[in-house]
Structure formats: C-alpha cells, structure tokens
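Novice: Encoded as structure tokens, here's the structure I'll be asking about.
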Amino acid sequence: MKILVTGGCGFIGSNFIRILLTETDNQVVNLDALTYAGNLENLRDLEGHPGYSFVRGRIEDMALVSSVMKEVDSVVHFAAESHVDRSIQQASPFITTNVMGTQVLLDAFRNAGCQGTFVHVSTDEVYGSLGPNDPAFKEDFPLKPNSPYSASKASSDLLCRAAFKTFNLPVVITRCSNNYGPYQFPEKLIPLMVINSLEGRSLPVYGDGMNVRDWIYVEDHCRGCLAALEKGRPGAIYNFGGQCEKTNIQVIKSILEILDLPEDRIEFVKDRPGHDRRYAMNSELAVKELGWKPRMTFETGLEKTVKWYLANRPWWERILSGQYMEYYEKQYGNKG
C-alpha cells in the first residue's frame, strides 16, 4: 500500500514511519506542517529512501490534502496539537488542527475514493479521569474529556464515527495511553525530566506527584497502529495500553535512579487546572481482534529511552536552542 501518514515528523509519527519503511513493503507519504513539534531531523536517516516522500502542509488545507489523497490507499492520522498545558493557555489551535483538520482529511479520503483504511490515532484522555479503584478504560466507556486538548480529540473521534455511520467510510479509531521513547519533544514529562537532570535544573512536579498514567513504549503503540491498519474492523475502536500504571513521582524517581542522581532536585509546583488523576487502559479487544500486545517492559523501555537521550544530546540541544528550525528554513522557508 501507499500510506499517507499525517504528522509524520512528530514523536509518534516518525517512529511509525520508521517501522513502516524498515519492517514492511509499504510506501509512505508524510504530510506535516512542521509546527514547533515537527522535526525533520527525526527522519533524517530516511531521506532518499525510495519508498518515502515528504509534503509540507497543514491538514486543514483542503486543496493540498485532496491532491495528496489521490495518490494514496490508506491514511494513518497522527497530526495533532497534543500538549495539555498549551491547550489551557490557548485552545483555538487545537480546534483548528484536531477538529477541522480531521474533518478535511475525512472528506478528502471519501472524495478520492481511497480503497484502504483510515486510522485515526486518538488518546486515552478522551475518557476523562479514573478513581483509584475504578476499572481500566474500555472502548465503550463514555467520553468525558477534561481539558481543551482532550475535548478536541473527543470531537475528532466523533467526526470519525459519523463518517463511518453516514458514509460507511472504513474508519478505525485507536486510543492509547502515555507514550515514551526516542524523539519525544522535550516538553513532555520523561524527556523534560531527563534533560533537566542532565542540565542541573530542578524537576517540576505538578501537585503531589501522585497522578497515575499507563505508560507504553512508543514502538509498541506504533505496532498497534499498524495492526489496526492491517486488521482493524471498520467502525471499531481499539485501546492500546502498556499494562503499566505508574505515578508521576515514581517515573521521575526511576529516571534519577538510572542517572544515579539524588532526589533533592524534585520540586513540587502548583497543579494545573483540570489535571486528570488516573488513566488506565483495557486492551483486551486489541489483543483479541488484532493479535497485539506490548513487547517492552517499562523498566527496560525507560532505561533504553534515558540512554537514547544521553547518546543524542545534540538532537535535543538543537531543539532547546531553536537551531533545529534552521534546517526547515533552508528547505521550506519560515516554519509554519
């Protein structure tokens, strides 16, 4: 197949493209706007690959998306504004990209008569927050988003459902727990704590640090998305989780242990508004229908991730300094 991957220069998208091009015979068209979180360096090693092409543009651009869609069979849609703190500061970009952009992609997919599958990559955050003794999220749980980000993703999920019900589009929705691994943008918890530790800065922790997340290694998530593309039932939703619930403070202390650093750098700060207390995913449907299960344990994956950031210091230093934008500017002019 020839697959359109949206947001392929981001953290999860770039890891997915790498798996597609190294482990399958599929061809890839990567559509990315190169906003602040899109980094061409994430796929620098694949430039020139005969099965790979890159198109710079926004998913809200109907003319561009329609043109690209004519050349592909399937879509795996990662492109999204995804940082909760940014959505609290300004929600409108999340509505534009996550809601309007998804509708543009669905319309273009239908108009082009694509014969493959449309995989919409969503998040566990659309379910809201769990209590300490609540069962893990299942696919038929009600949507109760608590942040502008998660509300925008829930909206895009419902648009995908409507496209399946109204037009019989072969749409599959995936919802995943917290990802970690190589190429994650430094604003997210694990890379932020690793980099701050290496730079000698404090490690800010929201509230009491007891918020619980279900952590999954990014390659396990990507293989779940690939399974959804290849085997997913049209109209279905599949949860992917790492079967690994950890409090934020546990994760941070594990990072410090790997780096052999003291815990006195931890600094508790005011909690953010609407901070969900706990996420946990029930992935039984994905195991049953897709034959998927996570391969990486958290302990092994975290150590591998920390070592990656240690070995790739120039990568994140260029992001912190803004130098990573220079490559875009040389190729495409000012960043979007």
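The values are calculated or read from the model by the stated rules, or taken from the named source; none is laboratory data. Remember, it's a predicted structure, so these values are computed and weren't measured experimentally. Ideal geometry is used to build each Cβ from the backbone, glycine not excepted, and the neighbour counts take in all protein chains shown.
Novice: Could you look through region 117-151, keep only residues that are surrounded by 16 or more Cβ atoms within 10 Å (Cβ to Cβ) and among the small types (Gly, Ala, Ser), and pick out the one that is nearest to Arg278 (Cα to Cα)?
Specialist: Looking at the filtered set, the residue picked out is Ser129.
Novice: Also, quick follow-up: Which pairs have Cβ atoms under 7 Å, sit 6 or more apart or on different chains, and link a residue in region 257-268 that is under 14 Å from Pro204 (Cβ atoms) and free of Cβ contacts under 8 Å to residues at least 60 places away in the same chain to one that is in a helix (DSSP H, G or I) and among the hydroxyl-bearing types (Ser, Thr, Tyr)?
Specialist: No pair meets every condition.
Novice: Hey, another quick one. I'd like to know if region 56-77 contains one or more residues that are in contact with a Lys or Arg (Cβ under 7 Å, 6 or more places away or on another chain), among the hydrophobic types (A, V, I, L, M, F, W, C) and touching a residue at least 24 places away in the same chain (Cβ under 8 Å).
Specialist: The initial filter retains those residues of region 56-77 that are in contact with a Lys or Arg (Cβ under 7 Å, 6 or more places away or on another chain), namely 71-73.
Imposing the further condition that a residue be among the hydrophobic types (A, V, I, L, M, F, W, C) reduces the set to 72.
Still in the list and also touching a residue at least 24 places away in the same chain (Cβ under 8 Å): 72.
There is at least one residue in region 56-77 that is in contact with a Lys or Arg (Cβ under 7 Å, 6 or more places away or on another chain), among the hydrophobic types (A, V, I, L, M, F, W, C) and touching a residue at least 24 places away in the same chain (Cβ under 8 Å).
Novice: Go through region 41-63 and give me each residue that's in a helix (DSSP H, G or I) and surrounded by fewer than 21 Cβ atoms within 10 Å (Cβ to Cβ).
Specialist: Those that are in a helix (DSSP H, G or I) and surrounded by fewer than 21 Cβ atoms within 10 Å (Cβ to Cβ): Glu41, Arg44, Asp45, Leu46, Met62, Ala63.
Novice: Something else now. Condition test on Ile249, is it modelled with pLDDT under 95, assigned to a helix (DSSP H, G or I), at negative phi and of a type in the set (Val, Ile, Thr)? Let's see the steps before the verdict.
Specialist: Numbers: modelled with pLDDT under 95: no; assigned to a helix (DSSP H, G or I): yes; at negative phi: yes; of a type in the set (Val, Ile, Thr): yes.
The answer is no for Ile249.
Novice: Moving on. Name the one entry in Ser92, Ser74 that is surrounded by fewer than 23 Cβ atoms within 10 Å (Cβ to Cβ), over 19 Å from the mean Cα position of the chain (by Cα), modelled with pLDDT of 95 or more and of a type in the set (S, T, N, Q).
Specialist: The unique qualifying residue is Ser92.
Novice: Could you tell me whether any residue of region 133-140 is touching a Cys at 6+ places or on another chain (Cβ under 9 Å) and of a type in the set (Phe, Trp, Tyr)? Steps first, answer last, please.
Specialist: So the first thing to find is which residues in region 133-140 are touching a Cys at 6+ places or on another chain (Cβ under 9 Å), and the list is none.
There is no residue in region 133-140 that is touching a Cys at 6+ places or on another chain (Cβ under 9 Å) and of a type in the set (Phe, Trp, Tyr).
Novice: Which ones in region 158-172 are touching a residue at least 60 places away in the same chain (Cβ under 8 Å) and touching a strand residue (DSSP E or B) at 6+ places or on another chain (Cβ under 8 Å)?
Specialist: Arg161, Phe164, Leu169, Pro170, Val171, Val172
Novice: Next question, about the same structure. Could you say whether any residue in region 12-25 is at pLDDT 95 or above, over 16 Å from Leu226 (Cβ atoms) and not small (Gly, Ala, Ser)?
Specialist: The answer is no; no qualifying residue exists.
Novice: Going through region 166-188 one residue at a time, which ones are under 15 Å from Asn98 (Cβ atoms) and more than 12 Å from the chain's Cα centre (by Cα)?
Specialist: Within region 166-188, Ile173 is the sole residue that qualifies.
Novice: Hey, another quick one. Among the listed residues Ile216, Ile190, identify the single one that is among the β-branched types (Val, Ile, Thr), in contact with a strand residue (DSSP E or B) (Cβ under 7 Å, 6 or more places away or on another chain), crowded, with 19+ Cβ neighbours inside 10 Å and not in a strand (DSSP E or B).
Specialist: Ile190 is the lone residue from the list that is among the β-branched types (Val, Ile, Thr), in contact with a strand residue (DSSP E or B) (Cβ under 7 Å, 6 or more places away or on another chain), crowded, with 19+ Cβ neighbours inside 10 Å and not in a strand (DSSP E or B).
Novice: Quick test for you: out of Gly235, Gly207, Gly200, pick the one residue that is closer than 30 Å to Leu290 by Cα and surrounded by fewer than 18 Cβ atoms within 10 Å (Cβ to Cβ).
Specialist: Of Gly235, Gly207, Gly200, the one residue that is closer than 30 Å to Leu290 by Cα and surrounded by fewer than 18 Cβ atoms within 10 Å (Cβ to Cβ) is Gly235.
Novice: Taking into account only those residues within region 152-165 that are surrounded by 21 or more Cβ atoms within 10 Å (Cβ to Cβ) and more than 17 Å from the chain's Cα centre (by Cα), which is nearest to Gln89 (Cα to Cα)?
Specialist: Cys160
Novice: Now for a separate question. Looking at Glu219, Glu267, Glu245, which is the one that is closer than 24 Å to Glu317 by Cα and under 19 Å from the mean Cα position of the chain (by Cα)?
Specialist: After ruling out the rest, the residue left standing is Glu219.
Novice: Tell me the residue from Leu290, Leu198 that is over 29 Å from Gln90 (Cβ atoms) and under 23 Å from the mean Cα position of the chain (by Cα), please.
Specialist: On the way: Leu198 fails: under 23 Å from the mean Cα position of the chain (by Cα).
Result: Leu290 is the single residue among Leu290, Leu198 that is over 29 Å from Gln90 (Cβ atoms) and under 23 Å from the mean Cα position of the chain (by Cα).
Novice: Check Thr22 against each of (1) in contact (Cβ under 8 Å) with a residue 12 or more places away in the chain; (2) more than 21 Å from Pro234 (Cα to Cα) and name the one condition it does not meet.
Specialist: Condition not satisfied by Thr22: (1).
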